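The values are calculated or read from the model by the stated rules, or taken from the named source; none is laboratory data. From a predicted model like this one, the values you see are computed outputs, not experimental measurements. Note that we place each Cβ from the backbone using ideal geometry, even for glycine, and neighbour counts take in every protein chain shown.
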Amino acid sequence: MTLWVWGTLFVGAAAVQPNIEADVDAIAGGQTVDNATRAGAVAAALHRANGSATLLRALRGETQKNSDGSLLNRNLVYIKLPKCASSTTGGVARRIAAHQGLSGTRGRAWIKKEPGVWANHDTMDVIGRKNPALKMPAFVFSLIRDPLSRCMSAFYHFRVARKKIKYPPTAEDKIYYLKNQCSNYMTGYLKPRSGKKRWPKDGPETVDAIMNGTTGWTSPLAFIGVVELYDESMVLLAHLLNLPLGDVLYQKAKVSGNEMKASVKNGKMLAIKHLPVDNEPLEVQNFVRSPDWHGRNNNDYELFRRVKERIASMYATVPGLNASLATYRQLLLDATTACDGDSRKTCYWKDNGCGFACLDEFYDASVTSGTQSVAADLDLDG
């Protein structure tokens, strides 16, 4: 599956929407169905329908599961791009895996027992060269971020907080890093590999290859999310994998992670957050607004633009997505309140997926008590 499929999937299914709406009315048994509930039920049916029997199960909130009770019948691979909410998303990937019975939830090794999860830092090229091929299909996804925000976050984290340069950093330190560590970093990380063939010299076609695949190359990415649209991305991920919203709940990993806290306490790291660009020295501001900076990152900016547009298009055209997003955000807000103080406990791996026990307890209680809307139950709770 390539990225364009998750757009085409719903567009093609939309043609059968009138019949699905009739089935929603039939299952409601003559009761009034409000627009939000109808939209959620229709979206669920569109996503799950593979024939009339499956359609009816979907509309009743049922889902066809594997023999072991899991919803996934494939491996889950998350390509962690540094400073793209990677620890938080690594926690989401491991949460999905834990809930669906995939192996590898608690480690970083490549998948040995399939289906399994791998959620770590490595470029697509390195993964293709160093890891054995998987026998089962894999759903591969990643998240990207505004190129400048990602680079400055990396500078402050890897260079300043880890004391690799003298504090406080100078404008020259920052410009040097921007020039030497941040040239089309994200597209370089995600560009495809075909067997022993490495992707040729980067050009405009690199973005096409990452998004859709291109002649002679197949992009393994099934989905790309955006940090600046994080909640929207997580709801789409749940839809694509046919999972309940509870499987993509999260607590932010790097805000006050155990490892970072300990490193600050013992003097190995500085507790520093990076400045907004408008507060950076004038020399830095001038450079990041220059043709030089944008020329060095033309592919990254193009990928960022196109992925954002695709996500926005999905939310503008797919019935039920916005209702699911509203439900998800309320769940996150309530979960944060319920699990305050528990966010650094019971992690899946290092600072990935911390607080999962509390999140599980919270979500199970919310489903049992019926605090979620019918639309959310039909849409994502199968």
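Worth a mention:
- Of the residues 119, 171, 161, the single one that is within 25 Å of residue 222 (Cα to Cα) and touching a Leu at 6+ places or on another chain (Cβ under 9 Å) is 119.
- Filter result for the condition that a residue is of a type in the set (Val, Ile, Thr), at pLDDT 95 or above, farther than 22 Å from residue 186 by Cα and in a loop (DSSP other than H, G, I, E, B), over 63, 105: 105
- Residue within the stretch 290-306 that is among the small types (Gly, Ala, Ser), at pLDDT 80 or above and exposed (fewer than 15 other Cβ atoms within 10 Å of the Cβ) present: yes
- Residue match in the stretch 245-255 (condition: touching a His at 6+ places or on another chain (Cβ under 7 Å) and either closer than 18 Å to residue 330 by Cα or modelled with pLDDT under 90 (or both)): yes
- Residue match in the stretch 169-177 (condition: touching an Asp or Glu at 6+ places or on another chain (Cβ under 9 Å), within 17 Å of residue 121 (Cβ to Cβ) and at pLDDT 95 or above): no
- Considering residues of the stretch 73-90 that are of a type in the set (A, V, I, L, M) and under 13 Å from residue 225 (Cα atoms) only, the residue surrounded by the most Cβ atoms within 10 Å (Cβ to Cβ): 85
- Residue tally, condition of a type in the set (Gly, Ala, Ser), surrounded by 14 or more Cβ atoms within 10 Å (Cβ to Cβ) and either more than 20 Å from the chain's Cα centre (by Cα) or closer than 16 Å to residue 112 by Cα (or both), over the stretch 125-143: 2
- Residues (outside any strand (DSSP E or B) and either at pLDDT below 95 or closer than 14 Å to residue 141 by Cα (or both)) located in the stretch 215-231: 215, 216, 218, 219, 220, 227, 230
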